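Have a look at the structure below, then the notes.
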Amino acid sequence: MLIKSDFIEFLARSNADLGDEEREQIFESFRLVGGDSAFATLHKVYNLLINGMPFSPQNEPKKQISLIDFENPRNNTFRVLNQFVIEYTNNGQKQKRVPDIVLFVNGVPLCIIELKNPADFNANIYSAWEQIYVRYWRDIGHLFHYCVLACISDGVKTRLGTVRTAYQHFYAWRRVNDEDKLSTLPFDEMQSMIKGVYEPSRFLEIFRDYIYFEDSIYDSNERQIVCRYPQFFATRKLKQSIIESIRAKNGKLALVNETKHITQN
């Protein structure tokens, strides 16, 4: 599931003090991360991507090795693969699943996008969700050791969620920026999603700061949440208010009137 060359090249760029063997060790340690279930593994991997990979160089103290540069998006390798072929075994026979689009960052698949033809009456976004939530989890669960986010679209409707989000909680991203007018035209949904979520710095911000795993001990409910666009912009305002208050040292915080949007259904 990993693009090894991209992973190794990022380590070489961001950790020039590491040798070739050390980079290989980090890659293998990351590749072999496991848990009691695919979801538990995904949670562990997500924490490593956010916080870094613990590694002990020879004769040196342990340190955290960053796997993504969140502060400098240009330092990462973004790769989008169309018709990504994944093999699996079913009753001893090799078979294939082919997700429409998979987004990789530094060789790690972070988001799957499933597309349906709007002209096909039977191929709607629900069938795209079902493809990910049911068939892909059943057949190619090893993809979801790494892949956190999911997007479904038929060209008219485009919705964002996680790989464990129930269908009714997938949602449109109707604003690129908070001051923009609300996008209501169906065909605008895809453009708003591309510009509002998949611009590299925005994508990394959402990935790092706005994904929540419900239980830190990997409970059996396997609930995982990503923010909706009103929550994203409201939280940004609150964060900026806190920063400005600290800088001013006045102890005052501006209130964000977005309470109705904070509740996650």
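Within segment 61-82, the presence of at least one residue that is closer than 30 Å to residue 116 by Cβ and of a type in the set (D, E, K, R) is confirmed.
In segment 147-155 there is at least one residue matching the filter, namely being over 26 Å from residue 224 (Cβ atoms) and in the same structural domain as residue 173 (by TED's automatic domain parsing). Is it true that residue 223 is in the same structural domain as residue 170 (by TED's automatic domain parsing) and modelled with pLDDT of 60 or more? Yes, satisfied. Under the condition of being basic (Lys, Arg) and either crowded, with 21+ Cβ neighbours inside 10 Å or farther than 30 Å from residue 30 by Cβ (or both), the residues counted in segment 111-161 number 3.
What about residue 158, is it more than 24 Å from residue 185 (Cα to Cα), free of Cβ contacts under 8 Å to residues at least 40 places away in the same chain and more than 16 Å from the chain's Cα centre (by Cα)?
No: the conditions fail for residue 158.
Scanning segment 53-69 for residues that are without any contact (Cβ under 8 Å) to a residue 40 or more places away in the chain and out of contact with any Lys or Arg (no Cβ under 8 Å at 6 or more places or on another chain) yields a count of 8.
So that you can scan it fast, the table gives a plain yes or no per residue for (1) closer than 20 Å to residue 82 by Cβ; (2) not small (Gly, Ala, Ser):
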position: 113; (1), (2): yes, yes
position: 144; (1), (2): yes, yes
position: 157; (1), (2): no, yes
position: 166; (1), (2): no, no
position: 169; (1), (2): no, yes
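The set of residues in segment 171-196 being touching a residue at least 40 places away in the same chain (Cβ under 8 Å) and in a helix (DSSP H, G or I) consists of 193 alone. Condition check: exposed (fewer than 12 other Cβ atoms within 10 Å of the Cβ), free of Cβ contacts under 8 Å to residues at least 12 places away in the same chain, out of contact with any strand residue (DSSP E or B) (no Cβ under 7 Å at 6 or more places or on another chain) and not acidic (Asp, Glu). Does residue 72 satisfy that? When the stated conditions are applied, residue 72 passes them. Against the test of being in contact with a helix residue (DSSP H, G or I) (Cβ under 9 Å, 6 or more places away or on another chain), closer than 30 Å to residue 152 by Cβ and of a type outside the set (A, V, I, L, M), the options 69, 20, 36 yield a single qualifying residue, 69.
The values are calculated or read from the model by the stated rules, or taken from the named source; none is laboratory data. From a predicted model like this one, the values you see are computed outputs, not experimental measurements. Cβ: placed from backbone, ideal geometry, glycine included. Neighbour counts: every protein chain shown.
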